Amino acid sequence: MHDLLKNFQITVNDKTYVKDPETSELGKRIVEHSIVLINEIGFEAFTFKKLGNQISSNESSIYRYFENKHKVLLYLASWYWAWIEYQIVIQTYSIADPSEKLKKIIALITAKIENDSNFSHINEKTLNKIIIGEYSKSFLTKEVDIENKEGYFSIYKRLISRIENAIIAVNKEYPYPASLASNLVEGSLHQHFLSEHFPTLTDCGNAVTPTEFYSDLIYNALKIK
């Protein structure tokens, strides 16, 4: 299984880009330094001109890969959720017990991210910080319904569905598996955000992790001992 996954390549909706950045060194540099720059200055301040200065390239070369910075954020978010799904697949494929599998999924969704050497041009820890702070900006737009119909969020929805199925496998009588699955993903991002910026609004921090909180919440909801 692990040998097969060595050559695994994460793919995202091709509508997020003009030219697949994975197909060239310049494209990979654009992705790599977009992550660095958005993390440093925030998505609002991020521009192709600033990115071009950082990678010693002109703006026109970046536009050959991405139509605008919104598409860059959509691409990064899609890549991140595909990578999370990849982690779930490779780390749970040998777990037969549904409760143990769900426990592992909760840990993977909520834990602090470590870098994956299989994707050298992407710093997953830094990308995780962007997802925590900026992900909602990819869908809190007037175009969200159109982009949803065009499949921009298909990977994210597929991830939620995978978690939903894991919840059902543990307790098929639980009436809200989709809501619980999406709450796990969105809520864990929010708890990480609160612990860093509004620590008085959460119990998560140095003493309590989001993994502990969501394990308790979900296991109680599903009546797992």
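Once the Cα atoms of helix 124-134 and of the chain are each reduced to a long axis, what angle between those two axes, in degrees from 0 to 90 to the nearest 10, is obtained?
The angle comes out near 90 degrees.
With every protein chain present, what is the per residue accessible area of the chain (1.4 Å probe, Å²)?
Spelled out: the 1.4 Å probe surface of the chain, per residue, equals 54 Å².
Hey, of (i) 27, 21, 16; (ii) 36, 19, 13; (iii) 32, 20, 17, which did the structure itself give for semi-axes √(5λ) of the Cα gyration tensor in Å when calculated?
(iii)
Report the FRET efficiency, 1/(1 + (r/R0)^6), for Glu173 and Ile90, where r is their Cβ-Cβ distance and R0 is 30 Å, rounded to 0.05.
Rounded to the nearest 0.05, the efficiency is 0.50.
How far, in degrees from 0 to 90, does helix 154-170 lean away from the longest principal axis of the Cα atoms of the chain, to the nearest 10?
Roughly 10 degrees, rounded to the nearest 10.
I'd like the FRET efficiency for Asp145 and Tyr63, computed as 1/(1 + (r/R0)^6) with the beta carbon distance as r and R0 of 30 Å, rounded to 0.05.
My answer for the efficiency is 0.70.
Apply 1/(1 + (r/R0)^6) to the Cβ-Cβ distance of Gln54 and Lys125, taking R0 = 22 Å, and write down the FRET efficiency to the nearest 0.05.
Using R0 = 22 Å, I get an efficiency of 0.70.
Once the piece of chain linking Arg162 and Gln9 is laid out straight, how much longer is it, given 0.36 nm per residue of separation minus the C-alpha distance between them?
Length gained, Arg162 through Gln9: 53.1 nm.
Can you tally the lysine pairs in segment 1-115 where the Cα-Cα distance is under 22 Å and the two residues are eight or more apart, or on different chains?
Summing the qualifying lysine pairs gives 21.
How many percent of the accessible area of segment 159-225 is carbon or sulfur, using a 1.4 Å probe?
Solvent-exposed carbon and sulfur of segment 159-225 make up 53 percent of the total.
Within the set of other residues whose C-beta is less than 14 Å from the C-beta of Phe153, count the net charge using Lys and Arg as +1 and Asp and Glu as -1.
0
Taking 0.36 nm per residue of separation and subtracting the Cα-Cα distance, what length does fully extending Thr200 through Val18 add?
61.2 nm
Excluding residues on the same chain fewer than 8 positions from Lys142, give the aspartates and glutamates whose Cα lies under 16 Å from its Cα.
Glu150
What angle do you read, to the nearest 10 degrees and between 0 and 90, between the alpha-carbon axis of helix 177-197 and the longest principal axis of the chain?
60
Using a Gaussian network model on the chain with a 10 Å cutoff between Cα atoms, which of Lys103, Lys149, Lys69 fluctuates the most?
Lys149
Can you pull the percent of segment 1-101's accessible area that's carbon plus sulfur, 1.4 Å probe, other chains left in place?
49
Using 0.36 nm times the number of residues separating Glu212 and Ser99, minus their current alpha carbon distance, what extension gain do you get?
39.1 nm
For the pair Lys28/Ser154, report the inter-label distance in nm, with labels modelled 7 Å from Cα in the Cβ direction.
Distance between the two pseudo-spin positions: 2.6 nm.
The values are calculated or read from the model by the stated rules, or taken from the named source; none is laboratory data. The structure presented is a predicted model; accordingly, all values stated were derived computationally and were not measured. For neighbour counting, all protein chains shown are included, and Cβ atoms are generated from backbone atoms with ideal geometry for every residue, glycine included. The protein model used for the area step is the full one, side chains on, heavy atoms only, and it has no ligands, DNA or RNA in it. Shrake-Rupley method; radii C 1.70, N 1.55, O 1.52, S 1.80 Å.
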